[in-house]
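Each remark here refers to the structure printed beneath this line.
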Amino acid sequence: MSSMTRPSTRPVVTAEPAAKPARVRKSRVDPLYYLFLLPSLAIFTLAVTLPAVLGFVYSFTNSVGFGDFDFIGFRNFIAVFRDEGILGAYGFTLAFSLVTVVVVNVLAFLLALGLTSRVRFRTALRTVFVIPMVISGIVIAFVFQYLFSNSLPLAGQSLGIEPLTTSILANPDLAWLAIVFVTAWQSVPSAMLIYIAGLLTVPTEVYEASSIDGATPWHNLRHITLPLVAGYAVINTVLGFKNYLNAYDIIVGLTDGGPGVATRSVAMAIFRGFEGGDYAYQMANA
């Protein structure tokens, strides 16, 4: 007998088509957000961007602030780098900014350490130390100008301290110290608040563990506190340096840039140039 082949009873497996990847839907931004963004964008453009662009354009001209003008290329910029008065203002502003940044950060950090420790009336003391921050700089400057010109010389005469018998604001070598002192007096509170915020974020468990290991307060400060608040020190340094490079109101109230031009800042040089008709020249300086 001839053998007959039986048909296979195994099911035939067919390859299924690969599933298409699901299309990711992009989330649409609610138009209401753009509506809220528009006022801030418009104010920033009109108050910052547009004046900066116009000032950059005018710095290449001989404009006096109104009327016709001609483009003169880089002449204003070349003149700025040859102007001893402008270079002196830059030197004073940079030196003043560096010294004030150091003084403010050291004092603010020490005050923050004291006001985050277990002392009585911490909240009341924080309020007292914050008061200088909310007073206008020009008002503070005029108050201290009276103290340096009248009260301090009288005290120096009574105590027999010769250097204090005259106003230090009239001394070209000492006037900058008064500016640093008054600027620091106003700036320390804001930097102190930032340091307090940083110190309050340090976990107490870290100090408890270090005390178990026998660490002294100096070791805690050096190896725990300072590294953990270093970021806040950077914030204070950047913000402070930016503000001190634009110093104007306190200097005007204390010395008005004097004696002579010993304490004239860059901002004062620019504004005085505007008053004298050097509009395009001071735009290049700015």
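Sort through 144, 77 and tell me the only one that's out of contact with any His (no Cβ under 9 Å at 6 or more places or on another chain), touching a residue at least 60 places away in the same chain (Cβ under 8 Å) and within 14 Å of residue 183 (Cβ to Cβ).
Checking each option against the conditions leaves just 144.
Could you look through the stretch 232-286, keep only residues that are charged (D, E, K, R) and under 15 Å from residue 178 (Cβ atoms), and pick out the one that is surrounded by the fewest Cβ atoms within 10 Å (Cβ to Cβ)?
Result: 256.
Mind counting the residues in the stretch 225-283 that are in a helix (DSSP H, G or I) and of a type in the set (Asp, Glu)?
So the count comes out to 2.
Any residue at all in the stretch 174-186 that is more than 24 Å from the chain's Cα centre (by Cα) and surrounded by 13 or more Cβ atoms within 10 Å (Cβ to Cβ)?
Checking the stretch 174-186: at least one residue is more than 24 Å from the chain's Cα centre (by Cα) and surrounded by 13 or more Cβ atoms within 10 Å (Cβ to Cβ).
If we keep just the residues of the stretch 195-220 that are of a type in the set (A, V, I, L, M, F, W, C), within 15 Å of residue 112 (Cβ to Cβ) and without any contact (Cβ under 8 Å) to a residue 60 or more places away in the chain, which is surrounded by the fewest Cβ atoms within 10 Å (Cβ to Cβ)?
This residue is 197.
Since residue 131 meets every condition but one in (1) surrounded by fewer than 17 Cβ atoms within 10 Å (Cβ to Cβ); (2) touching a residue at least 40 places away in the same chain (Cβ under 8 Å); (3) under 27 Å from residue 88 (Cα atoms), which condition does it not meet?
(3)
Can you work out which of the residues in the stretch 148-180 that are in contact (Cβ under 8 Å) with a residue 24 or more places away in the chain and part of a helix (DSSP H, G or I) is farthest from residue 92 (Cα to Cα)?
148
In this structure, does residue 215 turn out to be assigned to a loop (DSSP other than H, G, I, E, B) and modelled with pLDDT under 90?
In short, yes.
Give me the pairs: first residue in the stretch 266-286 and without any contact (Cβ under 8 Å) to a residue 24 or more places away in the chain, second residue buried (at least 20 other Cβ atoms within 10 Å of the Cβ) and of a type in the set (D, E, K, R), beta-carbon distance under 6 Å, and six or more apart or on different chains, which are they?
Pairs found: none.
Among (1) modelled with pLDDT of 90 or more; (2) under 27 Å from residue 230 (Cβ atoms), which single condition is residue 146 missing?
With (1) modelled with pLDDT of 90 or more; (2) under 27 Å from residue 230 (Cβ atoms) applied to residue 146, the lone miss is (2).
Is it true that residue 58 is surrounded by 13 or more Cβ atoms within 10 Å (Cβ to Cβ) and not hydrophobic (A, V, I, L, M, F, W, C)?
Criteria met by residue 58.
What is the residue count in the stretch 52-71 for residues that are of a type in the set (A, V, I, L, M) and part of a loop (DSSP other than H, G, I, E, B)?
1
The values are calculated or read from the model by the stated rules, or taken from the named source; none is laboratory data. What you see is a predicted model, and the numbers here were worked out from it, not measured in a lab. Backbone-built Cβ (ideal geometry, glycine too); neighbour counts: all protein chains shown.
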